[in-house]
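Below is one structure, written out as structure tokens; comments come after it.
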Amino acid sequence: MNCPDCGHERTRVIDTESSDDGSSVRRRRECQRCSFRFTTYERPEWDSLQVKKRDGAIEPFDRAKLRAGIDRAVEKRDVPETTVTELVEEIEATIQARDTRIVSSTFVGELVSEQLRDVDKVAYIRFVSVYKAFSEPEEFLRELDAVLDAELDNFEPAAPDDDPPNS
Ligand SMILES: [Zn+2]
């Protein structure tokens, strides 16, 4: 790493520090010629998409695993296989289009639930109950209520009758 000030190629590391999540390393450097000090950041560059799990472990993105999760949610529901395939492709494309090669499993979970919500409400509820791992039954019921409320919002009420027959 050349000195950004004078271009000298010899710099000395004076301090090294890991970021809180351990995904990058910050180094303070000092030029051995002009003593200019600067900071560099190092982070691994992944060639393929990686998923960071809730426990911090990082593993390669696995399309089959994503599909298995969705398959479980739509089991015995009236959701065609082609729809599931499209879902998986759309989710993968969304993740691949991001600048970063690493996504959190939570982000993937949000994407899947967003999509499933439009496809099948039961599948959606099944999916979020697994991936959100609700700690309280109340949390689960709140999620269920939110879905039911959305359903009611979509319900078109009959036009009000100006002249009710029984008046
Ligand atoms: Zn320098």
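Structure above, values below:
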read-out	value
In the stretch 41-53, the residues that are in a strand (DSSP E or B) and open to solvent by less than 50 Å² (accessible area, probe 1.4 Å)	Gln50, Val51
Considering residues of the stretch 24-40 that are within 23 Å of Ile58 (Cα to Cα) and open to solvent by less than 50 Å² (accessible area, probe 1.4 Å) only, the residue farthest from the ligand (Cβ to nearest atom)	Ser24
Any pair with Cβ under 6 angstrom, 6 or more apart, that starts in the stretch 17-44 at a residue that is closer than 16 Å to Cys6 by Cα and ends at one that is of a type in the set (Asp, Glu) and within 14 Å of the ligand (Cβ to nearest atom)	Cys34/Asp5; Phe36/Asp5; Arg37/Glu30
Verdict on Asp5 being modelled with pLDDT under 90 and either more than 20 Å from the chain's Cα centre (by Cα) or away from the ligand (no atom under 16 Å from the Cβ) (or both)	no
All helices (runs of 4 or more DSSP H) inside the stretch 60-124 with 1 or more residues being open to solvent by 20 Å² or more (accessible area, probe 1.4 Å) and of a type in the set (Val, Ile, Thr)	81-96, 105-119
Identity of the residue in the stretch 20-72, β-branched (Val, Ile, Thr) and over 22 Å from Ala93 (Cβ atoms), that ends up nearest to the chain's Cα centre (by Cα)	Val25
Of all residues making up the stretch 108-126, the number that are of a type outside the set (A, V, I, L, M) and touching a Ser or Thr at 6+ places or on another chain (Cβ under 8 Å)	1
Condition check for Arg12: within 16 Å of the ligand (Cβ to nearest atom), of a type in the set (Lys, Arg), more than 17 Å from the chain's Cα centre (by Cα) and in a strand (DSSP E or B)	yes
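For every residue, the table says whether it meets (1) closer than 28 Å to Arg43 by Cα; (2) out of contact with any Ser or Thr (no Cβ under 8 Å at 6 or more places or on another chain); (3) at pLDDT below 90.
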site: Glu59; (1), (2), (3): yes, yes, yes
site: Asp71; (1), (2), (3): no, yes, no
site: Glu75; (1), (2), (3): no, yes, no
site: Asp78; (1), (2), (3): no, yes, no
site: Thr83; (1), (2), (3): no, yes, no
site: Thr94; (1), (2), (3): yes, yes, no
site: Thr106; (1), (2), (3): yes, yes, yes
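The values are calculated or read from the model by the stated rules, or taken from the named source; none is laboratory data. No experiment lies behind these values; they were computed from the predicted model shown. Here the Cβ is made from the backbone with ideal geometry for all residues, glycine too, and neighbour counts use every protein chain on show. To get the accessible areas, we keep the full protein, side chains included, count just its heavy atoms, and leave off ligands, DNA and RNA. Shrake-Rupley method; radii C 1.70, N 1.55, O 1.52, S 1.80 Å.
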